[in-house]
Every structure is written in C-alpha cells, then in structure tokens.
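A.B. asks: I have a structure I would like to understand better, so I am pasting it below and will then ask my questions one at a time.
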C-alpha cells in the first residue's frame, strides 16, 4: 500500500510541475536571446484566468483555450512594447506585472515595503532608490554586443 501511495504522489508531483517546467524552458530560451522575463508566472495565471472565463462564458472549452492564449498574448505584447519599444526596465516590469506589493531588503532587514507601483516609482529608502537607479535593461541582456 505504501509503494502505491508513493508512486501516486510522485506521479501527481510530475503532473503538477509540467506547466512550471514548460515556463522554465521558455524562459531559458528567452534568456539566451537576451530578454529577461520575470512575469512568466503572471502570464500563466492570466492565461488560466482567461481560459476559465472564456470557457464559463461560452460553455466551450475550445473557446476557453483560445481566450486564455489570447489574454496571455495581449499581456505579453504590452510588456514587450513597454520594454523593447519604450525602453522600460525589464526587471521592474516583471516585478510590477506579477506583484501587488514588494519589499526590498538591505543588510538582512526590510528597508522598504508597500504597493509595487508606489515603491517602484517613488522609493523612500535611499538603498532602494539606489538599486533602482543602478538596475537597467542592459544589466540583464545576454549574448548582445
């Protein structure tokens, strides 16, 4: 009995880890291309929400899948335009896309915490402000000359 439970546990763990593994492989490819995408989990959650909403609204799982893909692609397009066309910081965009609140640590203590939009736009702590000034899109590019 114990072996069957253990096998079922590992089978379930592998099944549940597959979406995260697919996202990790996608991020590996984009990192090699020089694009930092910290919003993968947010894109996955947006796609899942869009799929559930589309399937519920229409009663068709196929329409739900297309709605989920479309919503995730729309968010990815917004992030791409902001970072590539307008030159916004990829790191800050990735954090802002998935986090409602952020906290910055310095010397093992929380130096600033609050709504992501407020902290990233107008940090009160000098260490946080310094970090956000230093971090740039060029810091995280890979393979570009």
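A.B. asks: Tell me, what is the percent relative contact order of the stretch 40-86, built from C-alpha pairs under 8 Å that lie six or more residues apart?
C.D. replies: Details: 48 pairs, mean separation 16.5, N = 47.
Relative contact order, the stretch 40-86: 35 percent.
A.B. asks: Separate question: Say we join alpha carbon atoms closer than 10 Å with springs in a Gaussian network model of the chain; which of 83, 130, 30 then has the biggest fluctuation?
C.D. replies: 130
A.B. asks: Hey, another quick one. How would the stretch 40-86 be classified by its alpha-carbon gyration tensor: rounded, prolate or oblate, with rounded meaning a/c under 1.5 and the a/b versus b/c comparison settling the rest? Please list the in-between numbers first.
C.D. replies: Values: a/c = 4.08, a/b = 2.61, b/c = 1.56.
Cα axes put the stretch 40-86 in the prolate bin.
A.B. asks: Right, another one. Nearest 500 deg cm²/dmol is fine: what mean residue ellipticity at 222 nm does the chain get from its DSSP H runs of n ≥ 4 alone, each adding -39,500 (n - 2.57), divided by its residue count? If you can, show how the numbers build up before the last one.
C.D. replies: Details: 6 runs with 94 residues, N = 145.
For the chain, the value works out to -21500 deg cm²/dmol.
A.B. asks: Contact order normalised by length for the chain, with contacts defined as Cα pairs under 8 Å and 6 or more residues apart; what percent is it? Walk me through the numbers before you get to the answer.
C.D. replies: Working: 148 pairs, mean separation 31.9, N = 145.
RCO, the chain: 22 percent.
A.B. asks: By its C-alpha gyration tensor, with a ≥ b ≥ c as the square roots of the eigenvalues, how is the stretch 10-81 shaped: rounded for a/c under 1.5, else prolate for a/b larger than b/c, else oblate? Could you put the intermediate results ahead of the total?
C.D. replies: On the way: a/c = 2.99, a/b = 1.23, b/c = 2.42.
Because a/c hits 1.5 or more and a/b fails to exceed b/c, the stretch 10-81 counts as oblate.
A.B. asks: What is the P(r) of the chain, as percent of Cα-Cα pairs per 10 Å bin from 0?
C.D. replies: 10, 28, 30, 21, 9, 1
Every number in this text was worked out from the coordinates using simple rules, so none of it is lab data. In this text the structure is predicted, and so the values were computed from the model without any measurement.
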